[in-house]
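S.K.: Encoded as structure tokens, here's the structure I'll be asking about.
The values are calculated or read from the model by the stated rules, or taken from the named source; none is laboratory data. Source: prediction; values computed, not measured. Every residue, glycine as well, gets a Cβ built from its backbone with ideal geometry; the counts of neighbours run over all protein chains shown. The area values use the complete protein model at the heavy-atom level, side chains included, leaving out ligands, DNA and RNA. Shrake-Rupley method; radii C 1.70, N 1.55, O 1.52, S 1.80 Å.
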Amino acid sequence: MGSVASAAAPPSPHSALPQEGAPPYGPGLAGILPQTSVGEEKKEEKVDYLNLLCPVPFEEIQREALMSLKPELFEGLRFDFTKGLNQKFSLSHSVFMGSLEVPAQGSETIKVPTAHYEFGANFLDPKLMLIGRVMTDGRLNARVKCDLTDNLMLKVNAQLTQEAHYSQGMFNFDYKGSDYRAQFQIGNNAFYGANYIQSVTPNLSMGTEMFWLGHQRKSGIGFACRYNTDKMVGTLQVASTGIVALSYVQKISEKVSLASDFMYNHMSRDVTSSFGYDYLLRQCRLRGKIDSNGVVAAYLEERLNMGVNFLLSAEIDHCKKNYKFGFGMTVGE
């Protein structure tokens, strides 16, 4: 490269002396490399590790991957109607007609026809959220979310059933710091849990969790990390129960994203992986996936009008001969 430049312009007697402002890499490369004036060098951005952003909650560390790989698939007919009475209070009605899967000894799945109606009431406030659902089979679901302070939040989830030992209750206390989050959980069956996640760099956050189930005398601990940029999100979770889970989401454009996950269970020696996509169109949203077991699924949300959405759901499992198809409609906000 230097010989080409020297052949084009013979050296002058004064070229041996360094000139003022001359680059240190010689006159040959000066015509090839871009010149920068004094004071225009790009300085590396310094990271203020004392003022990092707050990470996502520990239980939502894989939320981008779950949106693409775990859509709300259903089988049969579903109709949801929500009517707002005022800015904070609304009522909802849901009708579902489909089938219920019953465990069988063989590989085939036994399905029993079922149908139920669900009535709900919602109260939404910036600092208080109350959601209740009552079903015709006697089940009652309730959710409470209350901001006790600017940084402390209380969440309550409860489910009451007529069957013995199937009712559940859970209290969560979430604390949000400047660059970390902490959560404490307490539930029935003497369940106690806690998790903590901390921002390490502007793109990397790491956390840990632990739980104790008193009635079954079981405990566990897990570690997780999440790395995210404007174009991708990668997560890793390892637990003492033998679970290793990885997920990766790549944002192709503003409307298209691809996702994949991998899970290994050391206790049962099961390995599963899946690949999915999330495609946003002008009037609809299409999500789908295929996993290592040969299960193919797709979920379509079509916006027909303001507040009216049409739903299509499909899942095919050729190995187990299990085929699920559903369609539905949601009306209201």
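S.K.: Could you grab me the full set of residues in the stretch 79-99 that are of a type outside the set (Gly, Ala, Ser) and surrounded by 13 or more Cβ atoms within 10 Å (Cβ to Cβ)?
M.R.: Listed by number, the residues that qualify are Phe79, Asp80, Phe81, Thr82, Lys88, Phe89, Leu91, His93, Val95, Phe96, Met97.
S.K.: May I pose another question? For residues that are of a type in the set (Asp, Glu) and farther than 20 Å from Phe275 by Cβ, scanning just the stretch 294-323, find the one that is farthest from the chain's Cα centre (by Cα).
M.R.: Taking the candidates together, the pick is Glu302.
S.K.: Moving on to the next point. For the stretch 96-120, which residues satisfy the criterion of being among the aliphatic types (A, V, I, L, M) and either touching a residue at least 60 places away in the same chain (Cβ under 8 Å) or farther than 30 Å from Val144 by Cα (or both)?
M.R.: Correct list: Val102, Ala104, Ile110, Val112.
S.K.: Of the residues Glu64, Glu44, Glu59, which is out of contact with any helix residue (DSSP H, G or I) (no Cβ under 8 Å at 6 or more places or on another chain), open to solvent by 100 Å² or more (accessible area, probe 1.4 Å) and modelled with pLDDT of 50 or more?
M.R.: On the way: Glu64 fails: open to solvent by 100 Å² or more (accessible area, probe 1.4 Å); Glu59 fails: open to solvent by 100 Å² or more (accessible area, probe 1.4 Å).
Only one candidate passes the filter, namely Glu44.
S.K.: Among strands (runs of 3 or more DSSP E) lying entirely in the stretch 215-273, which contain 1 or more residues that are at pLDDT 95 or above, aliphatic (A, V, I, L, M) and open to solvent by 80 Å² or more (accessible area, probe 1.4 Å)?
M.R.: By residue number, 256-265.
S.K.: Here is a further query. Which condition number in (1) closer than 16 Å to Ala314 by Cα; (2) more than 27 Å from the chain's Cα centre (by Cα) is the one that Lys83 fails?
M.R.: The single condition Lys83 does not satisfy is (1).
S.K.: If we keep just the residues of the stretch 70-87 that are among the aliphatic types (A, V, I, L, M) and within 16 Å of Leu100 (Cα to Cα), which is modelled with the lowest pLDDT?
M.R.: Leu73
S.K.: Looking at the structure I just gave you, is Gly76 touching a residue at least 40 places away in the same chain (Cβ under 8 Å), within 28 Å of the chain's Cα centre (by Cα), over 29 Å from Ala194 (Cβ atoms) and surrounded by 15 or more Cβ atoms within 10 Å (Cβ to Cβ)?
M.R.: The answer is yes for Gly76.
S.K.: So, in the stretch 190-211, how many residues would count as being closer than 24 Å to Val144 by Cβ, over 18 Å from the mean Cα position of the chain (by Cα) and open to solvent by 80 Å² or more (accessible area, probe 1.4 Å)? Before the answer, list the steps.
M.R.: If we filter the stretch 190-211 for residues that are closer than 24 Å to Val144 by Cβ, which is where we start, we get 190-197, 209, 211.
Checking the rest, the ones that are also over 18 Å from the mean Cα position of the chain (by Cα) come to 190-194, 211.
Next, from what is left, pick out any that are open to solvent by 80 Å² or more (accessible area, probe 1.4 Å): 192.
Qualifying residue count for the region: 1.
S.K.: Just to verify a result, which residue in the stretch 298-332, among those that are hydrophobic (A, V, I, L, M, F, W, C) and within 15 Å of Gly288 (Cα to Cα), is least open to solvent (accessible area, probe 1.4 Å)? I'd like the intermediate steps shown before the answer.
M.R.: Here is the first cut: in the stretch 298-332, the residues hydrophobic (A, V, I, L, M, F, W, C) are 298, 300, 304, 306, 308, 310-312, 314, 316, 319, 325, 327, 329, 331.
Next cut, within 15 Å of Gly288 (Cα to Cα) only: 298, 300, 311-312, 314, 316, 325.
Working: Ala298: 35, Leu300: 45, Leu311: 5, Leu312: 71, Ala314: 30, Ile316: 51, Phe325: 122 Å².
The qualifying residue least open to solvent (accessible area, probe 1.4 Å) is Leu311.
S.K.: Would you point out the residue of the stretch 131-178, among those that are closer than 18 Å to Glu59 by Cβ and touching a residue at least 60 places away in the same chain (Cβ under 8 Å), that is surrounded by the most Cβ atoms within 10 Å (Cβ to Cβ)?
M.R.: Going through the qualifying residues, I end up with Asp174.
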